[in-house]
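To start, the structure itself, in structure tokens.
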Amino acid sequence: MEIFFLILLIILMAAALGSGFPVAFSLPGSAILTIGIAVGAGYLFADDPNAYFTHGDAVQWLSAGVTNFRGVYWEVERDTLIAIPLFIFMGIMLQRSQIAEDLLVAMAQLFGPIPGGLGISVVFVGALLAATTGILGATVVAMGLISLPAMLQRGYSQSLATGTIAASGTLGQIIPPSIVLIILADQLASAVDQASTARKGLYKIATGELTMPSEFDVISTSAGDMFLGALVPGILLVLLYMAYILCFALLKPSSAPAVHSGGKWDLKFFLKITLTLIPPLALIFLVLGSIIAGIATVNQAGAIGAVGAAIMAGYRLCEGRRDAFFPAILAILSLGVIVYALSNYDTNIKNITTAEDQLGVTIAIIGVSGLSIAIGWSLWRTFRINDTLRGVMIDTAMTTTLVFIILLGAAMLTAAFRAFGGEELVKDFLNGLPGGFWSKFIIVMAVIFVLGFFLDFIEIAVVVVPIVAPILLADPTANVTAVWLGVMIGLNIQTSFLTPPFGFALFYLRGVADAAVRTVNMYKGVVPFITLQLIALVIVGLNPALVNYLPTRTSLLAETAPPPLNPKLQFSMESFVSNQFSDHGDSLLAAINTAETLDLSYLPKDLRKDMEEGFEKAKAAFPAIADIDAAKAAVAAKADAYRPIHMQVRQIEADIRRHEIEIEELADRLEDAAEGSALATDLASRLETLKAEAEALKAEIPADWDQVHADFAELTKAEQKARQVYRRTVDDAYEPLVELRAAIAGTDGLKQLAGPIRTLQQDLPGMTNEEGEAAIKELESQVRAVPGTDAVKKQLSAARRALRGKKADPEKAAKAMAKAVEAYDADLAWRETAVTDLGPALAAYNDAIKDTIGLRGQKKLPREQALFVASDTAGHRDISLNF
């Protein structure tokens with residue numbers, strides 16, 4: 001019966017949407033109606049209102065929907081949604097201020113003489129508008145009104161002209177900043193948590209280990225990562241569009257002729273082009289550049305974009321006036337002042353201690369004040385001229401409200417879908433498919449593509465993604481990243497704007513196109529571009545580095561980059577070190593051998609011993625990395641033969657687990673059912689059938705599986721052990737060097753303590769116990785700030801303890817203080833010698849090994865290593881054989 005109510009849910013939703021009922025009410029309404037009908041049917045036919053829910057009850061699932069409602073607005077982790085109204089405001093402001101029209105006219109003049117030049121200019125402007133607005137309707141309408149008549153008058157075929165405009169208008173859905181990407185990032189955030197839990201459970205079942213290595217965990221995403229990941233695929237799509245138009249124009253010149261505007265390409269022309277292009281490009285740089293550089297979050301970048309659009313609209317609406325650019329010039333100058341202040345002064349008001357600090361804060365206040373005046377001035381213009389600001393605010397509020405209401409409705413629908421076991425059915429279906437991850441992925445992509453014929457992108461993103469994304473992300477076979485999956489879904493969803501019968505780009509274009517333009521030609525025109533989108537989908541699917549590389553590179557090069565000790569970086573770091581040992585091993589060994597000849601005899605015993613052991617460990621790193629390579633090769637050699645039986649058995653075991661879960665649920669329901677009732681009889685029959693099926697599945701496991709699995713597990717354990725040995729080896733090799741260099745670097749600091757420590761030794765006998773204890777404690781804190789002073793700190797601590805409490809012994813304290821001075825003199829003596837004798841040599845040794853043997857000991861990855869790791873991790877590594 002659960003399947004019946006699941007089908008009823010889908011039918012009610014489809015009927016409501018098909019009848020034109022608002023989406024915002026169709027989604028939650030169908031959920032509430034279906035749950036209500038299920039409760040009534042259970043009460044009438046089974047004397048249990050919760051009989052037809054897979055688990056839980058109606059109250060639980062309705063409250064789950066309400067909880068999801070609250071989560072959209074009140075969960076701190078979902079603050080990414082704040083960026084949506086900001087980017088919507090930016091796009092609508094640019095469209096209403098006619099900047100889009102300026103771009104189209106200028107680019108048409110620039111590209112016109114090229115075959116298919118008008119079409120190429122439309123694609124180019126569509127990409128620019130996508131990177132500044134992300135608003136589909138505004139872009140399509142603007143280009144349809146301006147470009148379509150011009151293209152048709154100059155001999156372009158209706159299908160090419162309309163297809164180009166409609167497809168270019170959809171670029172805003174994949175080229176950041178995009179509302180689609182923000183929503184997908186929000187939905188994938190919770191999907192990653194579910195997938196991570198599922199993968200950890202799978203690892204525990206497969207290995208018996210309670211904890212899973214973090215390097216096997218699901219890689220999450222954020223709106224910023226989604227923006228970075230979608231950038232290259234978006235550019236790829238633009239290039240495919242342009243290449244198609246150019247090829248079409250070359251093959252059929254009469255359908256896409258070159259157009260000469262008749263004007264001269266003189267200095268005035270290029271000045272106009274420059275002034276038209278620079279502001280949008282500058283806005284793109286500020287919005288996306290601030291995210292890429294790690295300067296701003298997505299929300300902050302959205303605020304930058306909204307303010308930038310308002311300033312641009314402020315001068316565009318006053319075009320022709322002498323003072324048109326005054327607010328924009330003031331804003332640019334103010335930004336320059338702010339950058340200067342931040343670069344040269346500490347602008348934290350709480351840290352003002354000098355006149356220079358005061359000057360820096362004053363300069364910053366002047367810059368902020370100027371920028372505030374420029375923003376207010378621009379907004380006042382948009383408010384007074386054509387009532388632009390009011391219209392933009394109303395449109396922004398309406399569009400934002402639409403997005404959020406659909407998010408809320410989808411949350412209730414998802415809860416109902418799970419109430420009737422829909423999520424489990426989808427999971428069982430996808431996990432039961434042969435072919436592993438890729439068969440599941442292709443099926444999901446095909447379903448999303450088909451749904452695009454009927455549903456808007458928001459419905460697909462908020463209804464389908466939460467159900468399928470955890471299943472795909474949990475699969476260790478491909479071990480895909482959430483950002484790659486999100487971009488792939490985004491590229492797929494983009495086709496929904498072009499596919500008949502409900503392609504919204506077609507509706508927008510039909511609304512502004514001349515009656516002479518046939519709808520059939522519009523449909524014919526978008527077919528090649530849909531094909532190009534699918535080609536781009538395949539290219540990105542086969543080359544995940546197109547998505548993953550840029551976010552990973554940005555993360556590893558940022559100031560907040562994860563340290564090299566991060567477990568997720570070790571696999572690639574060890575590959576880098578292996579390559580370096582292979583290419584430069586002789587020079588590294590020579591550096592180690594040279595360092596071994598240094599005279600360490602005068603160092604403290606513990607430091608000398610640690611350094612000598614460190615040299616041995618450094619040389620041991622070479623065979624350790626060779627052991628990793630050998631163990632990795634052994635695993636790879638057996639993997640191809642082991643993988644088929646592993647996949648077969650894990651699939652059988654997954655089927656068995658699903659049967660066991662269902663058996664437990666049926667057993668619980670059978671206990672609650674009335675004895676002798678039709679429901680009890682049905683449940684008992686189903687229970688016996690499932691038990692028989694489970695036993696049959698167990699019999700399908702090959703007899704030699706345990707031995708085959710144990711043999712391969714030994715190989716993987718050997719590889720993990722080799723990696724652990726290598727990591728301990730290089731850590732032990734580098735840490736003594738770091739400690740010794742830090743101790744030598746603290747020589748000057750130690751010298752400065754000569755006066756205080758000797759003065760305290762002299763004054764201590766004349767102090768009270770309390771005064772002496774306080775003085776020693778203060779000196780201890782100063783000594784503690786100097787690295788490698790354990791011997792001195794030990795004696796000072798003994799002296800301080802000797803003065804504490806009723807059993808205070810001033811004589812004992814004086815002896816300990818004398819020993820502290822002796823330890824200080826000895827410590828200072830060897831350091832002063834080491835500064836000249838060891839300092840330069842140890843610096844050279846550190847330079848030789850820090851990027852290989854000492855890589856794990858750095859605060860962050862050096863640039864070369866970060867780029868290697870970003871490139872190495874940009875692909876997808878199959879980790880399924882560890883599960």
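The values are calculated or read from the model by the stated rules, or taken from the named source; none is laboratory data. Note that this is a predicted model, so its numbers are computed, not measured. We place every Cβ from the backbone using ideal geometry, glycine too, and count neighbours over all the protein chains shown. All accessible areas refer to the heavy atoms of the entire protein, side chains included, with ligands and DNA or RNA removed. Shrake-Rupley method; radii C 1.70, N 1.55, O 1.52, S 1.80 Å.
Contact annotation: residue pairs with Cβ atoms under 8 Å, 6 or more positions apart or on different chains, pairing a residue in region 208-226 that is touching a residue at least 24 places away in the same chain (Cβ under 8 Å) and within 20 Å of residue 553 (Cα to Cα) with a partner that is assigned to a loop (DSSP other than H, G, I, E, B) and open to solvent by 50 Å² or more (accessible area, probe 1.4 Å), are 224/297.
Within region 791-804, at least one residue is open to solvent by less than 70 Å² (accessible area, probe 1.4 Å), of a type outside the set (Lys, Arg) and either closer than 30 Å to residue 593 by Cα or in contact (Cβ under 8 Å) with a residue 60 or more places away in the chain (or both).
For region 290-339, give me each residue that is part of a loop (DSSP other than H, G, I, E, B) and either within 20 Å of residue 387 (Cα to Cα) or among the hydroxyl-bearing types (Ser, Thr, Tyr) (or both).
Of the residues in region 290-339, the ones part of a loop (DSSP other than H, G, I, E, B) are 293-297, 317-325.
If the condition is that a residue be part of a loop (DSSP other than H, G, I, E, B) and either within 20 Å of residue 387 (Cα to Cα) or among the hydroxyl-bearing types (Ser, Thr, Tyr) (or both), then 297, 317, 318, 319, 320, 321, 323, 324, 325 are the ones that fit.
Only one residue in 172, 163, 134 is part of a helix (DSSP H, G or I) and at pLDDT below 85, so which one is that? Quick ask: steps written out before the conclusion?
Values: 163 fails: at pLDDT below 85; 134 fails: part of a helix (DSSP H, G or I).
Just one listed residue meets the conditions, 172.
For region 762-810, the candidate set comprises residues that are basic (Lys, Arg) and at pLDDT 85 or above; within that set, the residue that is farthest from residue 829 (Cα to Cα) is 801. If residue 250 satisfies every condition in (1) at pLDDT 85 or above; (2) open to solvent by less than 80 Å² (accessible area, probe 1.4 Å); (3) assigned to a helix (DSSP H, G or I); (4) not aromatic (Phe, Trp, Tyr) but one, which is the exception? Result: residue 250 passes all but (2).
Please enumerate the residues belonging to region 808-828 that are in a helix (DSSP H, G or I), open to solvent by 20 Å² or more (accessible area, probe 1.4 Å) and small (Gly, Ala, Ser). Give the derivation first.
Going through region 808-828, the residues in a helix (DSSP H, G or I) turn out to be 810-828.
Now drop any that are not open to solvent by 20 Å² or more (accessible area, probe 1.4 Å), which leaves 810-812, 814-815, 818-819, 822-823, 825-826, 828.
Those that are in a helix (DSSP H, G or I), open to solvent by 20 Å² or more (accessible area, probe 1.4 Å) and small (Gly, Ala, Ser): 814, 818, 823, 826.
Look at residue 872 and say whether it is closer than 30 Å to residue 713 by Cβ, open to solvent by 10 Å² or more (accessible area, probe 1.4 Å), in contact (Cβ under 8 Å) with a residue 40 or more places away in the chain and in a helix (DSSP H, G or I). Yes, satisfied.
Anything in region 798-848 that is of a type outside the set (A, V, I, L, M) and touching a Ser or Thr at 6+ places or on another chain (Cβ under 6 Å)? List them, or say none. Please lay out each step first, then the result.
Of the residues in region 798-848, the ones of a type outside the set (A, V, I, L, M) are 800-801, 804-807, 809-812, 815, 819, 822, 824-825, 827, 830-833, 836-837, 839-840, 845-847.
Selection gives 831 alone.
Per-residue answers, yes or no, for (1) at pLDDT 70 or above; (2) surrounded by fewer than 19 Cβ atoms within 10 Å (Cβ to Cβ); (3) among the basic types (Lys, Arg):
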site	(1), (2), (3)
39	yes, no, no
59	no, yes, no
63	no, yes, no
74	no, yes, no
78	no, yes, yes
86	yes, no, no
92	yes, no, no
95	yes, no, no
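Residue 239 falls short on exactly one of the conditions (1) under 22 Å from residue 876 (Cα atoms); (2) at pLDDT 85 or above; (3) open to solvent by 50 Å² or more (accessible area, probe 1.4 Å), and that condition is (1).
Out of region 654-708, which residues are within 27 Å of residue 641 (Cβ to Cβ), open to solvent by 40 Å² or more (accessible area, probe 1.4 Å) and not β-branched (Val, Ile, Thr)? Matches in region 654-708: 657, 696, 698, 699, 700, 703, 704, 706, 707. In region 375-401, the residues that are among the acidic types (Asp, Glu) form Cβ pairs under 7 Å with partners that are open to solvent by less than 50 Å² (accessible area, probe 1.4 Å), at six or more places apart or across chains, as follows: 395/92.
The single condition among (1) over 27 Å from residue 248 (Cα atoms); (2) without any contact (Cβ under 8 Å) to a residue 60 or more places away in the chain; (3) hydroxyl-bearing (Ser, Thr, Tyr) that residue 552 does not meet is (2). Among the residues of region 557-594, those identified as touching a Lys or Arg at 6+ places or on another chain (Cβ under 8 Å), touching a residue at least 60 places away in the same chain (Cβ under 8 Å) and of a type in the set (A, V, I, L, M, F, W, C) are 557, 561, 565, 571, 573, 592.
For region 175-221, how many residues meet the condition of being under 18 Å from residue 458 (Cα atoms), polar (S, T, N, Q) and open to solvent by 30 Å² or more (accessible area, probe 1.4 Å)? Break it down into steps so the answer makes sense when it comes.
The first filter runs over region 175-221 and keeps only residues under 18 Å from residue 458 (Cα atoms), leaving 175-191.
Applying the additional criterion that residues be polar (S, T, N, Q) yields 178, 187, 190.
Filter once more, keeping what is open to solvent by 30 Å² or more (accessible area, probe 1.4 Å): 190.
Residues in region 175-221 being under 18 Å from residue 458 (Cα atoms), polar (S, T, N, Q) and open to solvent by 30 Å² or more (accessible area, probe 1.4 Å): 1 in total.
Taken over region 510-552, the criterion of being closer than 22 Å to residue 246 by Cβ, polar (S, T, N, Q) and open to solvent by 60 Å² or more (accessible area, probe 1.4 Å) is satisfied by 531 alone.
Return the pair list, or none, for Cβ contacts closer than 8 Å from residues in region 776-788 that are without any contact (Cβ under 8 Å) to a residue 24 or more places away in the chain to residues that are open to solvent by less than 70 Å² (accessible area, probe 1.4 Å) and part of a helix (DSSP H, G or I), at least 6 apart or on different chains. Taking only residues 6 or more apart or on different chains, the pairs are 777/800; 780/793; 780/796; 780/797; 780/800; 784/793. Restricting 477, 495, 481 to those that are hydroxyl-bearing (Ser, Thr, Tyr), over 26 Å from residue 217 (Cβ atoms) and in contact (Cβ under 8 Å) with a residue 24 or more places away in the chain reduces the list to 495. Which pairs do you get when a residue that is closer than 17 Å to residue 461 by Cα, found in region 14-41, comes within reach of a residue that is modelled with pLDDT of 75 or more and open to solvent by less than 30 Å² (accessible area, probe 1.4 Å), reach meaning Cβ atoms under 7 angstrom, with the pair 6+ apart or on two chains? Close Cβ pairs satisfying both conditions: 17/26; 26/16. Can you name the residue in region 559-573 that is open to solvent by less than 20 Å² (accessible area, probe 1.4 Å) and of a type in the set (A, V, I, L, M, F, W, C) and is also nearest to residue 225 (Cα to Cα) among such residues? Selected residue: 561.
With respect to residue 831, is the statement that it is farther than 26 Å from residue 727 by Cα and open to solvent by 60 Å² or more (accessible area, probe 1.4 Å) true?
Working: farther than 26 Å from residue 727 by Cα: yes; open to solvent by 60 Å² or more (accessible area, probe 1.4 Å): no.
Judged against the criteria, residue 831 is not a match.
Among the residues of region 843-863, are any in a helix (DSSP H, G or I), over 29 Å from residue 553 (Cα atoms) and open to solvent by 70 Å² or more (accessible area, probe 1.4 Å)? No, every residue in region 843-863 fails to be in a helix (DSSP H, G or I), over 29 Å from residue 553 (Cα atoms) and open to solvent by 70 Å² or more (accessible area, probe 1.4 Å).
Could you check region 578-607 and list, in sequence order, the residues that are open to solvent by 40 Å² or more (accessible area, probe 1.4 Å) and hydroxyl-bearing (Ser, Thr, Tyr)? 582, 587, 594, 597, 601, 602 - these are the residues of region 578-607 that are open to solvent by 40 Å² or more (accessible area, probe 1.4 Å) and hydroxyl-bearing (Ser, Thr, Tyr). Only a single item in (1) within 21 Å of residue 282 (Cα to Cα); (2) surrounded by 15 or more Cβ atoms within 10 Å (Cβ to Cβ) is not met by residue 392, and it is number (1).
Show the residue pairs meeting these rules: Cβ distance below 8 Å; 6+ apart or different chains; first residue within region 674-699 and touching a residue at least 12 places away in the same chain (Cβ under 8 Å); second residue open to solvent by 50 Å² or more (accessible area, probe 1.4 Å). Matching pairs, first to second residue: 674/47; 683/669; 683/670; 684/670; 687/670; 690/662; 694/660. For residue 711, the stated conditions hold: it is surrounded by fewer than 16 Cβ atoms within 10 Å (Cβ to Cβ) and more than 30 Å from residue 824 (Cα to Cα).
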